[in-house]
Every structure is written in structure tokens, then in C-alpha cells.
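What follows is a set of notes on a single structure, which appears directly below.
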Amino acid sequence: MLPWSLLGLPSVKASVTAGLFVTVLWNLKYVINLSDIFSKSPKHTKPLMILVWEWPSKQAPNISTDICRDLYNIMGCRVTLDRGLLGQADVVVFHHDVLQQNRDKLPKEKPPGQSWLWVSLESPTNTKALAGWKQTFNWVMTYRRDSDIFIPYGKLVPNWSATVNIPRKTRLVSWVISNYHRTQKRAEVYKNLSRYLHVDIYGKANKKPLCKDCLLPTLSKSKFYLAFENSIHRDYITEKLWRNSLMAGTVPVVLGPPRANYERFVPADSFIHVDDFESLAELASFLKTMNSSHYRQFFAWQKRYSVKLYTDWRERICTICTKYPSLPQGRVYPDLESWFNA
Ligand SMILES: *[C@@H]1O[C@H](CO)[C@@H](O)[C@H](O)[C@H]1NC(C)=O
Ligand SMILES: *[C@@H]1O[C@H](CO)[C@@H](O)[C@H](O)[C@H]1NC(C)=O
Ligand SMILES: *[C@@H]1O[C@H](CO)[C@@H](O)[C@H](O)[C@H]1NC(C)=O
Ligand SMILES: *[C@@H]1O[C@H](CO)[C@@H](O)[C@H](O)[C@H]1NC(C)=O
């Protein structure tokens, strides 16, 4: 028989090593996308030309210089709004707003070799006029993880110099709401929850809008934030989580896709899910009675990560050039609506 040390120890060692490796992988999984590492700048001699048919935000920025190089260090990427360059563009970007307003605004035909990219950050509930887009778009760029180009509202980035920093708390729960509709799930949950605890409400719906610079300092005073999405869809996790909760230094109480879906974006111990409780009375009591050591545990992620928000369309558009070499060529979405509603 072999001695214990030969049998037992190596396997203990191996499993510890494997365990560490798994932990490291788990920590990296929502931070690093392998395709980001292996596909640097495109190997084109002439720059890729990205024609943005209509700029997605109200005010188009000045993109007359090489913005991708200057702002994001992405080389060989030319972004233009000049529709006269349609014949030369490698990619044409269509934000869904354009499609929603007027179908005829699209070019009549697609030059050979050109790819059309459909872009949207809204959920299916808030997306109109999606029917009938068949065999039109080659790629999609949305908040959904299974998009050709995934554009989340935010993410956690590793930060080795990060430290836990919990703002001073004087309030229990807050919520910013601009469009209140009684029929929305979030309105119903709020209404029931508010029978058991007080919620500080800000935003247009309550005629207490917060100015841009007041938002984070105001919300940071609350221990918890109601990060309730306006509609419930897979991967639809917006700035309500990233900015109003995590960046503000409050603990998110989320209403949205299931817990497992959130856990693909942020650590399991960084948020409270409405579905974790049998009733809203239980949720309220959990929030009201939490002691400070328990509360602090929700900030463990701050030891290793910082929040990165994505708010600038220039950054999203420039990402197209980084992803371009790894995107499938010659593919087309047979039916956009059925993809988006899946
Ligand atoms: C855009 O930026 C360029 C370079 O900085 C400048 O020359 C040009 O005047 C700007 N255009 C507008 C409309 O501001
Ligand atoms: C990393 O954390 C430090 C300390 O909190 C902060 O000052 C710095 O801005 C963070 N870096 C990034 C890239 O977010
Ligand atoms: C809210 O309360 C009502 C009345 O007690 C109940 O019927 C309903 O299911 C509750 N809704 C939620 C989302 O908890
Ligand atoms: C704080 O609450 C946690 C969870 O309920 C509990 O396990 C822990 O013993 C409490 N700590 C103190 C100091 O009361």
C-alpha cells in the first residue's frame, strides 16, 4: 500500500490548486472577455470605416478628428456621420430610434461587403416597430450578452488599489423614478413595500428631480437603493444598478431578471434580490433589522473592483472596430424581432 502522504497529500494539493484556479477564473469571468485579448486592432492597411447613420444621442459629438485613437487608443478606425460615404463604409450603424421613426430612412440597398449593425439599449418592452426587419441586419449591438457586440450599461473592472469605502448613512431606502406607471411590476412592488418601510423618492414622478451632480451624493446617504428595472428581461440591467446603487455606495435591492442572471454581472453577495423573499414584509424586515457587520459584507466587492459606467456613445461605436475582426462574415439575422424577443 502506498503511504498516505503519496496518496492523500498530492490530491489535497491538487484540489486546493484547482480550487484557487477556479476561484481566479470565477473572479475574472465577468471582467475579461477573451476576444478582447486576442483581437487587438484590425489588421487592415486602410482604416475601417464606420458610418453612423444617425447619432444615437440627441446631440452628436464632434467626431471630425480620430476619436477612437485619441480617446480610446483604438487604431485604424474611422467614424463618420457623412452619408455621402455610404459606398465606402465597412459598417453602417443603425440606432433603433431611426427605425422606429421612419422605415424609409434606411438606404435602399447594401453595397457588397458592407455590414449593417443594429443598435439598441432599450428592452423589448420599450421597443416599437421591430416587426418586419428580416434579412436586413448582419450584426446586433445591445445590452444582451449574446449580441455580436455586447454593450452593458456598466461593469466591474479589477482594481488592485481599490479600498472599501462606505458613505455615511442617514437614510434607509431611496428610489429615483421618472416614469411611474401603476401597471408596472416595479410600481406594485414599491407600493406594497412602502406599507412596511419608508422610501425616499426622487425623480420627475415625484416632482423631486435630482440634478446631475446631486444624484450620487444624495443616494449615497441611503443604505439601500431600489434598483427596479422598468421591464423584466434577460440581461436588462441598467444604470439603476451600476450608477445609482454600486457607484453611489448603496446596496442594490434589485427587481429584474432572476438572481442567476445578475450573478453573471456582479458577485452574489453584492446585492439583494426581491425574489429572495417570500413576501415584501420579509424583505422590509430584512432591510430594517440588518446589523452593521452584515451590511458591510455587501461591499466586499469594493476590495477588488471599481465600477465602470458606459455612457458615451463614442466609446461604444469605437468598440465596433475592436470587435470587427472576430465578427461572423456573411451572416444575416433572418428576423430581428424574433431574435430580440427570444
Ligand atoms: C470639431 O473639432 C475640430 C478639431 O478640433 C475643429 O477644427 C472643428 O471646428 C470642430 N467642429 C465643430 C462643429 O465644433
Ligand atoms: C481604483 O481605486 C482607487 C481607490 O478607490 C481609485 O481612486 C481609482 O480611481 C480606481 N481606479 C479605477 C480605474 O477605477
Ligand atoms: C401586493 O399586495 C397585494 C395585496 O396584498 C397582493 O395581492 C399582491 O400580490 C402584492 N404584489 C406584490 C408584487 O407583492
Ligand atoms: C449580525 O447579523 C448576522 C446575520 O443576521 C448575524 O449572523 C450576526 O451574528 C450579527 N452580528 C451581531 C454583532 O449582532
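Tabulated data for the structure shown
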item	result
Subset of the stretch 281-303 [within 16 Å of ligand 2 (Cβ to nearest atom) and either of a type outside the set (Lys, Arg) or outside the structural domain of Tyr190 (by TED's automatic domain parsing) (or both)]	Phe299, Ala300, Trp301, Gln302
Scope the stretch 305-334; condition charged (D, E, K, R) and either within 16 Å of ligand 3 (Cβ to nearest atom) or surrounded by fewer than 16 Cβ atoms within 10 Å (Cβ to Cβ) (or both); matching residues	Lys308, Asp312, Glu315, Arg331
Filtered residues of the stretch 240-298 (kept if in contact with a helix residue (DSSP H, G or I) (Cβ under 8 Å, 6 or more places away or on another chain) and of a type in the set (Asp, Glu))	Asp269, Asp275, Asp276
Per-region count, the stretch 132-164, residues farther than 30 Å from Leu336 by Cβ and touching a Phe, Trp or Tyr at 6+ places or on another chain (Cβ under 8 Å)	6
Members of the stretch 259-292 found to be within 16 Å of ligand 3 (Cβ to nearest atom) and either modelled with pLDDT under 95 or among the acidic types (Asp, Glu) (or both), listed by number	Asp275, Asp276, Glu278, Glu282
Any hit, the stretch 201-210, residues being in contact (Cβ under 8 Å) with a residue 60 or more places away in the chain and on the phi < 0 side of the Ramachandran plot	no
Residue match in the stretch 228-235 (condition: at pLDDT 95 or above and assigned to a strand (DSSP E or B))	yes
Subset of the stretch 142-163 (residues that are touching a helix residue (DSSP H, G or I) at 6+ places or on another chain (Cβ under 7 Å), within 25 Å of Gly256 (Cβ to Cβ) and either of a type in the set (A, V, I, L, M) or within 16 Å of ligand 4 (Cβ to nearest atom) (or both))	Ile149, Ile151, Leu156
Selection from the stretch 273-295 of residues that are more than 16 Å from Ser194 (Cα to Cα), surrounded by 14 or more Cβ atoms within 10 Å (Cβ to Cβ), within 13 Å of ligand 4 (Cβ to nearest atom) and not hydroxyl-bearing (Ser, Thr, Tyr)	Met290
Matching residues in the stretch 178-214 - criterion: being closer than 28 Å to Thr289 by Cβ and assigned to a helix (DSSP H, G or I)	Lys185, Arg186, Ala187, Glu188, Val189, Tyr190, Lys191, Asn192, Leu193, Asn206
Any hit, the stretch 237-255, residues being at positive phi and away from ligand 1 (no atom under 16 Å from the Cβ)	yes
Flag for Ala268 being aliphatic (A, V, I, L, M) and touching a residue at least 60 places away in the same chain (Cβ under 8 Å)	no
Residue within the stretch 303-310 that is farther than 30 Å from Asp70 by Cα and away from ligand 4 (no atom under 16 Å from the Cβ) present	yes
Condition check for Ala162: away from ligand 1 (no atom under 16 Å from the Cβ), closer than 26 Å to Cys214 by Cβ and part of a helix (DSSP H, G or I)	no
Matching entry among Lys308, Lys323 (being in contact with a strand residue (DSSP E or B) (Cβ under 7 Å, 6 or more places away or on another chain), over 24 Å from Gly113 (Cα atoms), outside any loop (DSSP other than H, G, I, E, B) and more than 16 Å from ligand 1 (Cβ to nearest atom))	Lys308
The stretch 54-83 residues that are on the phi > 0 side of the Ramachandran plot, paired with ones that are of a type in the set (Gly, Ala, Ser) (beta carbon under 9 Å, 6 or more apart)	Gly76/Ser41
Of the criteria (1) more than 19 Å from the chain's Cα centre (by Cα); (2) not assigned by TED's automatic domain parsing to the domain that holds His95; (3) not in a loop (DSSP other than H, G, I, E, B), which one Glu278 fails	(3)
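Yes/no matrix, rows are residues, columns are (1) within 16 Å of ligand 3 (Cβ to nearest atom); (2) touching a strand residue (DSSP E or B) at 6+ places or on another chain (Cβ under 6 Å); (3) at pLDDT 95 or above:
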{"site": "Ser123", "(1), (2), (3)": "no, no, no"}
{"site": "Gln135", "(1), (2), (3)": "no, no, no"}
{"site": "Trp139", "(1), (2), (3)": "no, yes, yes"}
{"site": "Pro152", "(1), (2), (3)": "no, no, yes"}
{"site": "Lys155", "(1), (2), (3)": "no, yes, yes"}
{"site": "Ser161", "(1), (2), (3)": "no, no, no"}
{"site": "Leu172", "(1), (2), (3)": "no, yes, yes"}
{"site": "Lys185", "(1), (2), (3)": "yes, no, no"}
{"site": "Asn206", "(1), (2), (3)": "no, no, no"}
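The values are calculated or read from the model by the stated rules, or taken from the named source; none is laboratory data. What you see is a predicted model; the values in this text were computed from it and never measured. Ideal geometry is used to build each Cβ from the backbone, glycine not excepted, and the neighbour counts take in all protein chains shown.
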